[in-house]
Amino acid sequence: MQINTSTFFHILFYFLFPKIRKAFVLLILFFSISISSQDISPAFLLKMDSLIKESPITYKAIDKVLRSKRKDTIHMRFFAQRALNKEYLTGQSYALNQLGRRYRAYSQFSKAISLHNQALYAANTANNLEFKVYSLNMLSVVYRRTDAIKTALDYNQEALELAETVENPSDNLKRSINVSLNGIGNLYQTLEQYDLAIKQFQRSMQLEKDLGNELGIAINHQNIGECQEAQLDLTAALQSYRTSLAYNEKINSDMGRIICKNSIAQIFIKQNKINKALAILEPALRDSKSLGDKYITSAVQINLGKALMQINRYSEAEKNILEGLQLAKKHNLPSGISQANLNLSELYGRQGQHKKSLTYYKKAQKFNEEISNVRNLRYVNDMIIRYDTEKKNSQIEVLAKENEIVKLKLRKNQTTLLISGIALSLLAGIFFILYRQYQLKNEKKLLTLEQTMLRSQMNPHFLFNSLNSIKLYIINNEKKNAVYYLNKFSKLVRKILEASTLKEITLAEELETVELYLNIENIRFSNEINYTISIDEDIDIHTVKIPSLILQPFLENAIWHGLSSKEGEKKLTLTANPGKKGFITISIIDNGVGRNAAEKIKKNKVLKRKSVGIDITKERLSNFSKDYQNSFDIEILDLFDEDKKSLGTKIILNIPTF
């Protein structure tokens, strides 16, 4: 019987001493990477070259040919290089993602991230949306394994946004959507919002059932069980874990089996059924070590130590928990580190070693606090977005009620006109109705403008990006900066909400809001924007009235279309001077790339958002000017040097004051 290179190394692995197994796993991977074409069978070479020649662009078509070898790092590494040489970048992306999954299974997370990033680059170069989404989801899974919640969520949301741009997605793209939904459910689970998490998992599971994907169904049952366990509904959790185990048995998933068995044993420990737990955990530990996944091995060892502690087998318990803790530390698994430290604290407390018990308890608290900081900030972001959505829905309901009231008034007027029968009354009634309709149309238009204005000021992208920037200060332990900018952000949100209810405000209040906005946006640019606000001494900013929130759209345009793409020094200047009689002149000058360059950059973007802020502002200024003798004026100038090279853009607003 002929044994290939990969099989030989796997057989040899099982006969080595446990302490050097980990090193030998890495040695196997090294040989897998260094393999030459002479170790690839002629049949596979023929199949591979045929696939590259046809160059299919869907995951399903490629996987149909390579599925039997996708867990084989030798073949995937060779195919990735072959596909690159033949400029078949979609095939290269497939192979690199499969390699990343294998490294993830061995808890080599940094290498897995590198491979998935290479796969994403190949997919972007090939402009293959399906593989872009797949690569982003794979990156999210790796980061979630290391409790990097923020980064994992960013990749999930980016994948979901890309996938939802397709009107009729393929089955594989639908599966990627389900993976994204499952990831968002994991976010809610991490934030301890278990009911919301269960809803996401149930939604994802239903879509997986429609696709007949039993692996996806198994994963969602497992996730639901974890939420139920956290809610102390142990009976329901046990049922969910057993259902997941049944699906994993059906599809013969070794990893799925171990995860489910570990979870079931964890329930037995909580139910004080220690013998049942041990009967599951001891073989599960052997299987997880054979599989080579350090993440699940760490979890099983920590649970095994917990079970042994319950029956006073302290020496064995300590050995297993310490080994699980060592794995968790080595592979950066914060949740495992926290749980292991808590278990050690309890173990030493039972043995009367109270000083040692307190030391491990403090270590666990430290890790819990670090994880909690990220979770709490994400929770605040969710609350703000939810509040914004609810407020917009309330405004729509108010408009609907007002329309209903208008209809009732019109019916009453029509009844009066029919009864009167007098020509003069009929004519007067017609004029009244026409006037009322005109008035209502203007009122509705104004309400729509204000609603659209608020949506543009409080759009979820701005809120999400601002909080992400603040979150980085927390992650980097820059507490003072985090508190400073979080206070700025909350004050800006409050001022926007307050100003949105007013037709006009003083220039002083508008400038305060503008400065808060520029402060927050400048975080995204690492404070690279040098902005100045200059007000002429002859202007009393506390008496001059202007429309509320009128300057932000112009500043946003200057930053994101002018300065964001500029290299080098970034400048932004806002000045206010007395204009001609009855006017105040406000100028906004940036040294950005200019409108022509900004338009070209915008066309090359994959995801485009239509900016309506300037048009809304013009309509609001028009309505504002109706109450004054003079009308407003806006002038946009492109600035150039002597060689016709763009120096930026200047916006001049002439706003009437009486």
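What to note about this one:
- Extension reserve of the L472-Q231 stretch, reckoned as 0.36 nm per residue once the Cα distance is removed: 83.7 nm
- FRET efficiency estimate (nearest 0.05) - Cβ-Cβ, Q365 to Y484, R0 45 angstrom: 0.95
- Beta-bridge orientation, segment 527-658: approximately 75 percent antiparallel, per DSSP, counting only bridges with both partners inside.
- Exposure proxy order (Cβ contacts within 10 Å, fewest to most) of T513, T501: T501, T513
- Karplus (6.51, -1.76, 1.60) ³J(HN,Hα), θ = phi - 60°, over segment 634-647, in Hz, Gly and Pro reported as x: 10, 10, 10, 10, 8, 9, 9, 8, 5, 8, 6, 8, 5, 10
- Our coupling estimate for segment 332-346, obtained by passing each phi through the Karplus curve with A = 6.51, B = -1.76, C = 1.60 and θ = phi - 60°, is 6, 10, x, 5, x, 4, 4, 5, 5, 5, 5, 5, 5, 4, 5 Hz, Gly and Pro reported as x.
- Mean sequence separation of contacting Cα pairs (under 8 Å, at least six apart), scaled by the length of segment 31-127, corresponds to a relative contact order of 25 percent.
- Each residue, D643 and R411, gets one label point 7 Å from its Cα in the Cβ direction; the gap between the two is 7.3 nm.
- Simple spin-label estimate for K618 and S50 gives 6.1 nm between the two label positions (7 Å along the Cα-to-Cβ direction from each Cα).
- Cβ-Cβ FRET estimate between I533 and L399, R0 fixed at 35 Å, reported to 0.05: 0.45
- T543/K330 FRET efficiency (R0 45 Å; Cβ-Cβ; nearest 0.05): 0.10
- Amide proton proximity set for E504, modelled H, under 5 Å, gap of 5+: S548
- Once both labels are positioned 7 Å from their Cα atoms along Cα-to-Cβ, the gap between Q353 and E164 label points is 5.2 nm.
- Pairs from K366/K480; K64/K86; K294/K329; K250/K306; K330/K479 whose Cα-Cα separation, in the structure shown, is over 22 Å: K250/K306; K330/K479
- Cβ crowding within 10 Å averaged over residues, with 293-305, 332-344 ranked highest first: 293-305, 332-344
- Size of charge dipole - segment 546-601 - debye, nearest 20, with Cβ of Lys, Arg +1 and Asp, Glu -1, no other charges: 240 debye
- Between M255 and T501, residue separation times 0.36 nm minus the direct Cα-Cα distance comes to 83.0 nm.
- A simple packing score, the average count of other Cβ atoms within 10 Å per residue, orders the peptides 572-578, 255-261, 516-522 as 255-261, 516-522, 572-578, with the highest score first.
- The H on the amide N of L647, modeled in the peptide plane, is under 5 Å from the matching H of L639, F640, D641, each at least 5 residues off or on a different chain.
- Ranked packing of 582-589, 99-106, 57-64, most packed first, by mean Cβ within 10 Å: 99-106, 582-589, 57-64
- Loop-located trypsin sites (Lys or Arg not before Pro) across segment 463-514 with a Cβ neighbour count of 16 or fewer within 10 Å are K503, with loop assigned by DSSP.
- Long-range HN-HN contacts of K571 with modeled amide H, under 5 Å: N530, N591
- Footprinting exposure proxy for Y143, Y473 (fewest neighbouring C-beta atoms within 10 Å first): Y473, Y143
Computed from the coordinates by the stated procedures, all read-outs in this text should not be read as laboratory data. Since the model is a prediction, treat every value here as computed from it, not as a measurement. Note that we place each Cβ from the backbone using ideal geometry, even for glycine, and neighbour counts take in every protein chain shown.
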